[in-house]
Amino acid sequence: MTQEFLNIRWSQIENLVKELSHKIQQTDREFSSISTISRGGLIPARLVADQLALDTIFVDKNRIPTDSLFVDDIYDSGKTFKKIVVKAKDPSMLVYATLFARRGKKYPKQLLFAQKTQGTEYIVYPWDKLEFQRFKKYGS
């Protein structure tokens, strides 16, 4: 089975960030910061922070404050969400925002996303093209 890939352009990222930020603003929640993970979430977190005028971004923290929005690049298998939700001070108040959500998955109620994937294609973001080239060359 051949793996399909979807290369995302910066202009698409900008549109996804605007769409996601709009959905976040529609929650009527006030966030004082953004939390994220360094692999995958850092760049989307920075872009969303700019859209929402938030100055503080917590990276790879062991505890996520109740008033902190969590931002990632994609909701895929759910593994990252499971690792993150237990770090939330109040898991029921966690808002988990992503640029993409994998179509066909069961989404947690805390999830906000800008767009669903078409299927199982591998998303190649502008910031991870070199990592993707290594992946294709060496398979890891």
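Mind listing whichever residues of segment 4-32 are crowded, with 17+ Cβ neighbours inside 10 Å and of a type in the set (S, T, Y)?
Of everything in segment 4-32, just one residue is crowded, with 17+ Cβ neighbours inside 10 Å and of a type in the set (S, T, Y), namely S21.
Looking at segment 58-73 only, could you name the residues that are out of contact with any Gly (no Cβ under 6 Å at 6 or more places or on another chain) and surrounded by 19 or more Cβ atoms within 10 Å (Cβ to Cβ)? I64, S68, L69, F70, listed by residue number. Kindly evaluate F132 against the criterion of being of a type in the set (A, V, I, L, M, F, W, C), at pLDDT 95 or above, surrounded by 13 or more Cβ atoms within 10 Å (Cβ to Cβ) and assigned to a helix (DSSP H, G or I). No, not satisfied.
Checking the conditions here, which among D50, D28 is in a helix (DSSP H, G or I), of a type in the set (D, E) and more than 18 Å from A101 (Cβ to Cβ)?
D50
The values are calculated or read from the model by the stated rules, or taken from the named source; none is laboratory data. A quick note: this is a predicted structure, and the numbers were derived from the prediction, not measured. Cβ coordinates were reconstructed from backbone atoms using ideal geometry, including for glycine residues, and neighbour counts include every protein chain displayed.
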